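*Asks:* The structure follows.
None of the figures in this text is laboratory data; all of them are computed from the coordinates on show. Computed from a prediction, not measured in an experiment: that's the story for all the values here. Cβ: placed from backbone, ideal geometry, glycine included. Neighbour counts: every protein chain shown.
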Number of protein chains: 2
Amino acid sequence: MKAVCLLSGGLDSATCLAYARREGFECYALSFDYGQRHHVELEAARKVAQALGAADHRVARIDLRIFGHSALTDNIAVPKGRDEAAMNREIPVTYVPARNTIFLSFALAWAEVLEANDIFIGVNALDYSGYPDCRPEFIEAFERMSNLATKSGVEGRTRIRIRTPLIQLSKADIVRLGRDLNVPFELTHSCYDPDASGRPCGACDSCLLRAKGFREAGIADGACA
Amino acid sequence: MKAVCLLSGGLDSATCLAYARREGFECYALSFDYGQRHHVELEAARKVAQALGAADHRVARIDLRIFGHSALTDNIAVPKGRDEAAMNREIPVTYVPARNTIFLSFALAWAEVLEANDIFIGVNALDYSGYPDCRPEFIEAFERMSNLATKSGVEGRTRIRIRTPLIQLSKADIVRLGRDLNVPFELTHSCYDPDASGRPCGACDSCLLRAKGFREAGIADGACA
């Protein structure tokens, strides 16, 4: 059974890939070079895919910078030290417009070519840092659309499922699940604003959520030296 | 009022752009360099955008060849001389997996950055050459998903509409509409398999549907010399 697994190289997508592998899927990992300001996470994705035994790993080059407007692709400062109330209240400038929609669309194209029914994405609706395209209602609407978009859907041969095993988990739950699945935490990369040598900043939303997750799970984070 | 208009450089998308302009929209035309085997259509898109007074025209580079599996991106022969029954019965090898899903996802990203509510796409459900992602039910599902995917949707500021003015028109109707809107037919390009100098083959599905449209509308096609 084949599945396409979106893989950013972060903690969540790595755990999601490990989960799909444990479910018995032959995993086709898909990452994106979308003009993000740093490439550390693509290197992390490559190592994680290999460590977790993905059948294939491809990097799709797409230029989201032509539309601009995100701290992850433009020269806008990544916000630091936000508390959880702020994260839950405001959609941050690190939001890349329609990013998960675009990522899932590419995954759908590959799934169709592979004749895979399952697409795994490590989105999370609890500690989600305020992104609209991480919510269950978005995922359900995307799945519904997928089954109308594709040749296999029209011919009734397959039914595409967008699988989100982490969607209702807290960051601490994800860390515990990752540990149980032997996710190589030390290879993953979460920071939105690493330094030149790839070390995490420790203060962006992503670093803060990660640290909180490990702290609450009572597990040491191998990646934060 | 701003709108994002998908523009391939063909007859349908050019007519769709002209329609949006007549409706009073400030049009942001979006084309894709998706590894198609020929670039004649991108050149056509550039000229059409200019001729029809688009406010901006961008070409997003995305590599759909990494997934393979289409006569439009691979070295698979484009079928020639198919009759209409065959076109309506089978999804052809020129189908690019999830293409319209991917194109609309990018349009959604740009719409969000521009704070535009309207996205125009020249899909057509009658003479549609058998593509699943040209059907009204697909478009409706995409629109529904869009309003859950975006910051503006979540904040209730805007409502994204996917506009498909050609969806119920025959090719002849599109030709008549294009004429009434002064679409520069001679600048448009429809062929899936042009020769080295960009001349249409006259025998692929797209050329046959175009010729039929002009014939039934009783109008001469300036582009087919």
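*Asks:* What ratio of Cα Rg to 2.2 N^0.38 Å holds for the stretch A:2-217? Walk me through the numbers on the way to the answer.
*Replies:* Numbers: Rg = 16.5 Å, N = 216, 2.2 N^0.38 = 17.0 Å.
This ratio for the stretch A:2-217 stands at 0.97.
*Asks:* If I model a spin label as a point 7 Å beyond the Cα along the Cα-Cβ vector, how far apart are those points for B:His39 and A:Lys2 in nm?
*Replies:* 3.1 nm
*Asks:* While we're here: What is the dipole size for the stretch B:2-217, taken about its Cα centre, with +1 at each Lys and Arg Cβ and -1 at each Asp and Glu Cβ, in debye to the nearest 20? Kindly include the intermediate steps, with their values, before the conclusion.
*Replies:* Values: 27 positive and 28 negative charges, 37 e Å.
Roughly 180 debye, rounded to the nearest 20.
*Asks:* Give the residue from B:Asn147, B:Asn182, B:Gln168 lying farthest towards the positive end of the charge dipole for the stretch B:2-217; charges sit on Cβ (+1 for Lys and Arg, -1 for Asp and Glu) and the dipole is referred to the Cα centre.
*Replies:* Most positive-ward Cα: B:Asn182.
*Asks:* Any idea how far apart A:Arg65 and B:Ala77 come out in nm if each label point goes 7 Å out from Cα toward Cβ?
*Replies:* It is 4.3 nm.
*Asks:* Binned at 10 Å from 0, what are the whole-percent values of the Cα-Cα distance distribution for the stretch B:13-59, short to long?
*Replies:* Reading upward from the zero bin: 28, 53, 17, 2.
*Asks:* When the chain is fully extended, how far beyond the present Cα-Cα distance does A:Lys212 get from A:Arg159, taking 0.36 nm per residue of separation?
*Replies:* Details: separation 53, 0.36 × 53 = 19.08 nm, distance 3.72 nm.
Net length gain for the segment: 15.4 nm.
*Asks:* What does the structure give for A:53-65 when I average, per residue, the other chain Cβ atoms found within 10 Å of the residue Cβ? Before the final figure, lay out the partial values.
*Replies:* On the way: counts 0, 0, 0, 0, 0, 3, 2, 5, 4, 8, 7, 5, 0.
Per-residue shielding by partner chains comes out at 3.
*Asks:* Once you order the gyration tensor axes a ≥ b ≥ c over the Cα atoms, which shape class does the stretch A:181-225 get: rounded for a/c under 1.5, otherwise prolate or oblate by comparing a/b with b/c?
*Replies:* oblate
*Asks:* Using the 10 angstrom Cβ neighbour count as an exposure proxy, how do A:Asp83, A:Asp193, B:Asp205 rank, fewest first?
*Replies:* Numbers: A:Asp83 9, A:Asp193 20, B:Asp205 24.
Sorted ascending by nearby Cβ count, the order is A:Asp83, A:Asp193, B:Asp205.
*Asks:* Can I ask one more? Which FRET efficiency value, to the nearest 0.05, is calculated for A:Asp195 and B:Arg22 with the Förster distance at 51 angstrom and r the Cβ-Cβ distance? All intermediate terms of the calculation are to be shown ahead of the outcome.
*Replies:* Details: r = 53 Å, r/R0 = 1.03.
Approximately 0.45, to the nearest 0.05.
*Asks:* Which ordering of B:Thr101, B:Thr158 is given by a fewest-first count of other beta-carbon atoms within 10 Å? Intermediate values should be presented prior to the final figure.
*Replies:* Working: B:Thr101 28, B:Thr158 17.
Arranged by neighbour count, lowest to highest, B:Thr101, B:Thr158 become B:Thr158, B:Thr101.
*Asks:* List the distances, in nm to one decimal, from the label point of A:Glu186 to the label points of the same position in every other copy, shortest first, placing each label point 7 Å from Cα along the Cα-to-Cβ direction.
*Replies:* 7.0
*Asks:* Which entries in A:Lys2/B:Lys151; A:Lys80/A:Lys171; B:Lys80/B:Lys171; A:Lys80/B:Lys2 show an alpha-carbon gap greater than 26 Å? Walk me through the numbers on the way to the answer.
*Replies:* Working: A:Lys2/B:Lys151 33 Å; A:Lys80/A:Lys171 19 Å; B:Lys80/B:Lys171 19 Å; A:Lys80/B:Lys2 34 Å.
From A:Lys2/B:Lys151; A:Lys80/A:Lys171; B:Lys80/B:Lys171; A:Lys80/B:Lys2, over 26 Å: A:Lys2/B:Lys151; A:Lys80/B:Lys2.
*Asks:* Then there is this: Could you give, in nm with one decimal, how far A:Ser197 is from each other copy of that position, shortest first, with labels 7 Å out from Cα toward Cβ?
*Replies:* In nanometres, ordered from closest: 6.2.
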